[in-house]
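A short reminder: the numbers here are calculations on the coordinates, not readings from a lab. Given the structure is predicted, the values throughout are model-derived calculations rather than measurements. Neighbour counts run over all protein chains shown; Cβ positions are idealised from the backbone, glycine included.
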């Protein structure tokens, strides 16, 4: 794990397209701003974990083991109506 120290209004870059900015530090809480392309999902870790768990449950309950569900989700991602504009 890379550990970086930053102050308010300083940022870090992940690759060429993701910027994380420290917006505020107050009372043990840090507010971050994340700038990322629309095709890269950004979630708090606890939300991401909940989404993953729901996906696992859905895959287990589907007769094909979720393979067709995964294919359907991937095809939706590539559909022009589902792409996000900046």
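With a cut-off of 8 Å between alpha carbons and a minimum separation of six or more residues, what is the relative contact order of region 1-56 in percent?
21
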For a footprinting-style exposure proxy, rank 19, 52 by other Cβ within 10 Å, fewest first. 52, 19
How long is the gain from residue 76 to residue 30 if the chain were fully straight, where each residue apart is worth 0.36 nm and the alpha carbon distance is subtracted? 13.1 nm
